[in-house]
Amino acid sequence: MAVDLVRRFRGLRALVIGDAMLDTYFEGTASRLCREGPVPVVRKTGEHRIPGGAANTAANLRILGAEVFFLSIVGRDTAGIALRAALLERGVDDCWMVEDESTHTIHKLRIQADGQYVVRFDEDALYHSKESQEQLLAKLKEIFAHCDLVVLSDYGYSSVSNEVIEQIKLLRSLHPCLLLVDSKNLYRFRNAGATVVTPNYLEARLLVEHGRITEPTVSGTGIDMCEVEHIGRRLLAMIDAENAAITLAGDGVFLIDRQGMTLHIPTYPTVQANDIGAGDSFAAAMALALAAGGSVEEAARIAVDAASIAITKPWTAVVSYQELLQKVSLRDHARLSPPFVTGASFRESITQLIEQLGEERLQGKAIVFTNGVFDILHAGHVQFLRQAKELGDVLVVGVNSDRSTQRLKGKRRPINRERDRMALVAALDPVDHVVLFDEETPIELIRALRPDIHVKGGDYTDEFLPEAKTVREVGGRVVILPLAGSISTSSVIERIISLVADEEMEVKQ
């Protein structure tokens with residue numbers, strides 16, 4: 001289970017090598033333009049100095065429970081001092097960093113006014129002395145054998161030199177360990193023998209097309225997965241890596257291994273997503289999950305969970321052990337929930353339904369949800385479900401389990417078992433998916449599925465519908481449909497009982 005993998009993060013020893021940056025954020029409000037020029041005057045209200053780049057990867061690994069050794073080259077300057085202080089605040093020891101007085105610490109200063117970017121001011125490191133590079137190599141040789149995993153976080157500022165790449169290849173031949181490569185120029189690592197490489201879609205496409213990059217082909221609102229697969233296969237033909245995890249921003253991640261196996265893991269849209277540092281959170285979580293014994297698929301799902309948390313945070317983000325543990329716990333709980341049905345076939349996990357709805361939501365489809373016991377299907381049920389489907393594109397029906405039906409209707413109900421009721425509902429044309437739930441209300445199911453529309457039949461109002469608040473919390477709305485005619489399951493059962501009683505009476509007479 002994903003929860004067990006995350007719990008094994010603690011105690012792992014991670015070596016991070018890459019370009020350390022200081023991310024500074026000045027926040028303020030702007031109410032007028034400057035008299036010297038047509039620019040806003042920003043009155044500062046806050047200031048944040050945060051590890052960025054490879055330093056953010058190190059901070060993510062540390063807060064997820066790993067012991068971290070961070071190798072990088074920084075300048076002997078104010079930004080370097082601030083970066084060291086920020087790392088120490090986050091539990092990352094700065095003793096493995098190399099100080100080079102001939103260079104600058106990479107510094108990105110962002111100024112925001114009322115939540116909007118005004119400008120970003122960058123100070124780059126253009127040169128590292130031979131002495132500092134030799135010191136970094138010496139520290140690498142000293143610490144390598146003590147580590148369980150290595151993450152190369154290369155932003156193209158030369159902390160990860162060709163000599164470092166060759167040294168890692170040699171050291172891994174003596175002390176095998178997991179190697180994750182996250183690089184803006186992946187071709188430099190073509191002979192590194194990485195366990196997994198994590199380019200984003202544009203980086204991967206730029207590499208395989210030798211710089212001839214165009215806008216991606218889209219299908220619906222998402223990237224064409226056939227195209228991504230083609231790029232992934234070409235990528236692994238060029239790069240010596242066991243696996244590639246091509247990140248697709250709001251479309252999730254695409255996995256491909258050297259044997260040609262592929263898998264797309266979707267994610268879910270987030271309002272006002274902030275992607276600064278999300279890739280670092282993804283790389284840190286994936287590396288730890290692999291080192292903890294997880295498969296590439298399991299590790300990628302955990303990494304997607306981490307990135308989905310990171311994008312909800314302001315500034316350059318880290319994802320804590322407790323946050324990730326809670327997220328994967330919910331996913332594990334969903335996976336162990338009762339099965340759902342598509343058409344007439346039963347599947348093993350509600351997680352599949354959540355992922356399927358994610359795919360359909362990315363295609364711009366509206367998800368409609370309703371629920372009920374559906375003990376004895378009748379014309380009223382069919383008409384209600386048809387009306388519900390007309391409100392959107394995909395209809396999901398929640399069916400009360402036998403236990404929850406007994407709690408609601410009494411010990412003599414249901415008449416039909418839960419699997420029979422699910423199969424009958426799934427066989428109806430308007431219904432796309434059927435899912436079982438064990439509670440008296442579908443509140444937890446609504447939280448997991450996040451429907452755009454929740455449909456209820458009868459004389460309910462938002463005020464008296466228990467799940468109405470939850471529907472609004474996930475961004476949906478409630479629609480109340482009047483029930484067709486006077487027919488109901490209870491009346492059908494009463495009529496059957498009455499007919500049986502009449503027949504028994506006639507026999508006795």
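Since every read-out is calculated from the coordinates, none of them should be taken as a lab result. This one's a predicted model, so the numbers in the text were calculated from it and none came from an experiment. All Cβ positions, even for glycine, are placed from backbone atoms using ideal geometry, and neighbour counts span all protein chains on display.
What you get for the chain, charging only the Cβ of Lys and Arg (+1) and of Asp and Glu (-1), is a dipole of about 460 debye around the Cα centre. Every pair of different Cα atoms in the chain enters the Kirkwood calculation, which places the hydrodynamic radius at 25.9 Å. Here's the picture: charge each Lys and Arg Cβ at +1 and each Asp and Glu Cβ at -1 in the chain, and of V16, L288, Q259 the one pushed furthest to the positive end of that dipole is L288. In the chain, if the dipole is taken from +1 on Lys/Arg beta carbons and -1 on Asp/Glu beta carbons about the Cα centre, which of I73, I165, I376 is farthest to the positive end? Among I73, I165, I376, the one farthest towards the positive end of the dipole of the chain is I376. Taking a Cβ cut-off of under 13 Å around S72, the surrounding Lys, Arg, Asp and Glu residues balance to a net charge of -4, with basic ones at +1 and acidic ones at -1.
Overall, the anisotropy analysis places the range 1-105 in the oblate class: the square-rooted eigenvalues a ≥ b ≥ c of its C-alpha gyration tensor yield a/c not less than 1.5, with a/b not exceeding b/c.
Against the chain, whose longest principal axis is taken from its Cα atoms, helix 489-508 shows a tilt of about 30°.
I'd like the FRET efficiency for R7 and R35, computed as 1/(1 + (r/R0)^6) with the beta carbon distance as r and R0 of 51 Å, rounded to 0.05. It comes to 0.30.
One decimal place: the segment E101-D393 gains 99.0 nm when fully extended, by the rule 0.36 nm per residue minus the C-alpha distance. The packing ranking of peptides 194-207, 274-287, 377-390, highest mean first, is 274-287, 194-207, 377-390, where packing means the average number of other beta carbon atoms within 10 angstrom of each residue. Treating r as the C-beta distance of R190 and R407 and R0 as 35 Å, the FRET efficiency rounds to 0.05.
Once the Cα atoms are used to define both axes, helix 54-63 deviates from the longest principal axis of the chain by about 50 degrees. Working from label points 7 Å from Cα in the Cα-to-Cβ sense, the R419 to Y127 distance is 7.4 nm. Across the options T57, A426, P414, the greatest Cα extent toward the positive end of the charge dipole of the chain (unit charges at beta carbon of Lys, Arg, Asp, Glu) belongs to P414. At q = 0.13, 0.20, 0.24 Å⁻¹ the log10 of I(q)/I(0) for the range 353-419 amounts to -0.47, -0.86, -1.00, computed by Debye summation with a single uniform scatterer per C-alpha, solvent ignored. Working from label points 7 Å from Cα in the Cα-to-Cβ sense, the T262 to R477 distance is 3.8 nm. Label positions at R76 and E439, each projected 7 Å from the Cα along the C-beta direction, are separated by 6.1 nm.
Sorting 306-317, 82-93 by their mean Cβ neighbour count within 10 Å, with the most densely packed peptide first, gives 306-317, 82-93.
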